[in-house]
Amino acid sequence: MLAVVDRLTRAVALWCGGVLIFVLMGIIVVDVTGRYVFNSPLYGSLDLSITFLVLIVASSIAYGGRTGAHVTADIFKTLLGPRFEWLNGIFVKLFAAIITAIWCWRLIVTGRTAARLGESTLLLNIPFEPIYFALGIGIGLYSLVLFTEAFVLARTGEVPLLSDESRIVMEQSPPSESRQ
Amino acid sequence: MSNTTIGLIGVAGLFLLFVLRMPVGLSMLITGLLGNIAIRGWQHALPSLSSETFAIASFYQLSVIPMFVLMGNIAGASGMGRDLYNAAYAWVGHIRGGLASATIIACACFASLCGSSAASAVTMGRVALPEMRRYKYDDALATGTVASGGTLGFTFPPSAGLVIYGILTEQAIGRLFLAGVLPGIILTLLFIATVFIVTTIRREAGPAGPRATMTERMATLGRASSIVLVVFVTIGGIYLGLFTPIEASGFGASFTLLVALLRRKLSLPVMKAIVLQTMRTTATVFLILMGAYVFIPFMTLSELPEIVVRFLLSFDLGTTGILIIIILTYLALGTFMEDFSMLILTLPVVLPVLKALGVDLVWFGVVAVLIIQMGLLSPPVGINVFIVKGIVPDVPMYTIFRGIWPFWYAMGLLIVLLLIFPQLALFLPNTMFGR
């Protein structure tokens, strides 16, 4: 169950987020190059940037949750016993899962309202509804992560984080020639 | 129940959630949501949950976060950090404490690529610590240098902390970036002076390395020149008015990518790692920001910030006195909180105080990121300390903290200098953009 969630969150972050982030980079470069070289900046670059930024955020939140990227304030970490840690872990994850589920629902509702009111971006008229939906799905995926983690923690007593392979690979990246 | 009472209960609830180890972003979001419900009712609170979080996720200026993070990750993964270190090492490695000074110089240059304290510490730590240990450097000096040098990443542009500060205080990010340049350079020099003092007192702490030939020096400088060019194009572009910070971030990331591709440093696994690391950092920052955008309106509604302002002003301590109280509070909070969350959490209360005192918010932005970095080097949490510990697990935490103290005092000295001479931060932005 956790493995399925892991594959899903990683795939969303890597492929959706990866493509989107390089597209956002491309939009900025084309806009700047167009302005300086052709005296013609990319029409609607602001609209595109905003849209892609929301999609990047939506793709990242659940993966951040599974790899432990969402920071906690470790104030009394060492004072808590293992039994309290376990119960507290289940409570915190369930509570967070419920709140994020409500958050997801509200984003979908607001997206529908935006559609009813005909809200869109200024220049390209990109409708806000699908952008709200995308953020809602991203938060919904994070909610699924939290529910799954709470379930696994309750059943097995521990919930391993998704291995942060980025760190592993970054550490193994080929160094340039050393002076020594 | 009055709004202020609800606000106080909210703050207590927020700290309870912190203690229970709820992620900081969600803690703020939950407290803000429940507080808004208590004050304004469901009908207003629930729609603002989606509209406020959508507003921050679609905030154009925040495009710089994933772009600069991407730039830093490409630079780190493609070995640019090592090239910087090798160049600095070739030029100053032969003098006493030279390896530590080289680490500081490389950290300062790498900071201009990544904007993150942790990323600078990880990248330079992996490169510099094995070298310093090979040359029998004192563990305290070696680890203290890397942990402290990493903080330059949060001071120099494109500091992610200054970006977030700029957005929350509605200050121009370009001004803030330029305001960080001179203090960043001064801090680099103070760190090098610290290394000199430590190795003068204890010669065995930092023995000299071998002297590089001029050919070697020029060769390493040549390899590092591409990085210097990236920094010049991005930060120089902002200074010269060629780019907005967003344009500089996108252009800088693409330029770094191009350099890395030309150097044949990017395999598919490395590219995947770069993307995943960028997504992780983006998630960290945006969850906290979205939580803050729900929490901040609740704080405003509760009128707590106004009460804090009135309370502080009633003591008649003067601007400097209140600033010292704020600085001490930041230092205390920094011992157990992460940099972004601390900055975001405190601003709703601190900002009205600063405005009431007529403090220049660009100047305070630089001071705030410096204080936060001091907090992050302090026990018991000290994020950079844990990063260094992860690279050299056999060095005790006590030794690392012992090595950090001299650099911590250097940072304190810079804050005092900034209090006495605010122009150190304001000169460049005022020269470039006017007052």
Note on segment B:289-344: alpha-carbon gyration tensor, axes a ≥ b ≥ c; rule is a/c under 1.5 for rounded, else prolate if a/b larger than b/c, else oblate; result oblate
Here the Kirkwood hydrodynamic radius of chain A, Cα-based and in Å, equals 19.0
Longest principal axis of chain B (C-alpha) makes with the long axis of helix B:42-57 (C-alpha) an angle, in degrees to the nearest 10, of 20
Ignoring ligands and nucleic acids, chains B and A bury, in total, an accessible area (1.4 Å probe) to the nearest 100 Å² of about 6900
Taking only Cα atoms of segment B:43-110, the Rg to Rh ratio with Kirkwood Rh works out at 1.39
Segment A:1-63, convex hull of Cα, quarter of hull surface, nm² -> 4.0
Per principal axis, largest first, the Cα atoms of chain B extend in Å by 74, 46, 46
Carbon/sulfur accessible area of chain B, % of total, 1.4 Å probe, equals 70
Between the Cα axis of helix B:245-262 and the main Cα principal axis of chain B, the angle (0 to 90°, nearest 10) is 30
With label points set 7 Å from each Cα along the Cα-to-Cβ direction at B:LEU262 and B:ALA356, the distance between them in nm comes to 5.5
Highest GNM mean-square fluctuation among B:PHE407, B:PHE18, B:PHE315, for chain B with Cα springs under 10 Å, belongs to B:PHE315
Between the modelled labels at A:MET1 and A:GLU158 (7 Å from Cα along Cα→Cβ) the distance in nm is 1.9
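Starting from the Cα gyration tensor of segment B:360-435, take the square roots of the eigenvalues, sort them a ≥ b ≥ c, and report rounded, prolate or oblate (rounded when a/c is under 1.5, otherwise prolate if a/b is larger than b/c, else oblate).
prolate
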Placing +1 on each Lys and Arg Cβ and -1 on each Asp and Glu Cβ in chain B, then taking the dipole about the Cα centre, the residue among B:ILE383, B:THR319, B:ALA77 whose Cα reaches farthest towards the positive end is B:ALA77
Taking 0.36 nm per residue of separation between B:ALA208 and B:TRP42 and subtracting their Cα-Cα distance, the length gained on full extension comes to 53.1 nm
Once B:LEU189 and B:VAL416 are pulled to full extension, the length gained, defined as 0.36 nm per residue separation minus their Cα-Cα distance, is 80.2 nm
Helix B:139-150 sits off the longest principal axis of the Cα atoms of chain B, rounded to the nearest 10 on a 0 to 90 degree scale, by 60
For segment B:64-170, the Cα-Cα pair-distance distribution in 10 Å bins from 0, as whole percents, is 17, 47, 25, 9, 1
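Can you pull a Stokes-Einstein diffusion coefficient for the protein assembly as shown at 25 °C (0.890 mPa s), Rh from Kirkwood over Cα pairs, as a whole number of µm²/s? The partial results should precede the final answer.
Numbers: Rh = 24.8 Å.
After rounding, the answer is 99 µm²/s.
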The alpha-carbon center of segment A:65-140 and that of segment B:404-434 are separated, in whole Å, by 38
With Cα springs under 10 Å, the Gaussian network model of chain A assigns the largest mean-square fluctuation among A:GLY89, A:GLY111, A:GLY26 to A:GLY26
The local net charge around B:VAL353, scoring Lys/Arg +1 and Asp/Glu -1 for residues other than B:VAL353 whose Cβ lies under 13 Å from its Cβ, equals +1
Residue separation between B:LEU328 and B:PHE196 times 0.36 nm, minus their alpha-carbon distance, gives in nm 44.7 nm
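What does the helix-only formula give at 222 nm for chain B: each DSSP H stretch with n ≥ 4 adding -39500 (n - 2.57), the total divided by the residues, and the result rounded to the nearest 500 deg cm²/dmol?
One gets -27000 deg cm²/dmol as the mean residue ellipticity at 222 nm.
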Taking Cα pairs closer than 8 Å and at least 6 residues apart, the relative contact order of chain A in percent is 28
Dividing the helical contributions, -39500 (n - 2.57) per DSSP H run of n ≥ 4, by the residues of chain A yields a 222 nm value, nearest 500 deg cm²/dmol, of -24000 deg cm²/dmol
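Using only the Cα atoms of segment B:100-225, construct the convex hull and provide its projected area averaged over every direction, in square nanometres to one decimal.
Details: hull surface 33.0 nm².
If I average the Cα hull's projected area over directions, I get 8.2 nm².
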Expressed in angstrom and rounded, the centroid-to-centroid distance over alpha carbons for segment B:13-48 and segment B:131-176 is 32
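The values are calculated or read from the model by the stated rules, or taken from the named source; none is laboratory data. Values in this document were obtained by computation on a predicted structure and should not be read as measured data. All Cβ positions, even for glycine, are placed from backbone atoms using ideal geometry, and neighbour counts span all protein chains on display. The area values use the complete protein model at the heavy-atom level, side chains included, leaving out ligands, DNA and RNA. Shrake-Rupley method; radii C 1.70, N 1.55, O 1.52, S 1.80 Å.
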